[in-house]
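> One structure is given below, represented as structure tokens, and several questions about it will come after.
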Amino acid sequence: MAENTELMTIDNICNRVYFIRGQQVMLDCDLAEIYGYEVKRLNEQVKRNITRFPEDFMFQLTTEEDEILKSQIATSSWGGKRKLPYAFTEQGIYMLATVLRGELAEQQSIFIMRAFREMRHYIKQN
């Protein structure tokens, strides 16, 4: 597990939610940081439990989607990695919380679910 991970605020989490393929998603690199995992270890847990992650819960970005996303973000948080990132929908993030262990993962899951709720409320109001 990664060290030096602090609890995120709802605003910080909302800033890591992207709109891809018509869905609000979070990327594996951001979720790994939030949950206190290395991206590689987070994705290993997903692969060990792959039947819990159907396509509407998680998908891998295409090269084009990855490039578009990088161009929208001033500083790429995933730098020079070799693999395309995975995107997790709200349901996928919830499922991810069930396969990750630890108090930090549990606490962060609560923040993430609240952030998605706040975003839905904001969208509905506007």
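> Each residue of region 10-22 in order: what ³J(HN,Hα) in whole Hz does its phi give by Karplus 6.51 cos²θ - 1.76 cosθ + 1.60, θ = phi - 60°, with x for Gly and Pro?
In residue order, the calculated couplings are 4, 4, 4, 5, 4, 5, 10, 9, 10, 9, 10, 6, x Hz.
> With a point put 7 Å past each Cα toward its Cβ, work out how far residue 56 is from residue 21 in nm, to one decimal.
So the label points at residue 56 and residue 21 sit 1.2 nm apart.
> If you don't mind, there's one more thing I want to ask. As a test of reading the structure, rank 90, 103 by solvent-accessible area (1.4 Å probe, protein chains only), most first. Please list the in-between numbers first.
Details: 90 45, 103 125 Å².
Ranked from most to least accessible, the order is 103, 90.
The values are calculated or read from the model by the stated rules, or taken from the named source; none is laboratory data. This is a predicted model, so every value here is computed, not measured. Neighbour counts run over all protein chains shown; Cβ positions are idealised from the backbone, glycine included. Heavy atoms of the whole protein, side chains included, go into the accessibility calculation; ligands, DNA and RNA do not. Shrake-Rupley method; radii C 1.70, N 1.55, O 1.52, S 1.80 Å.
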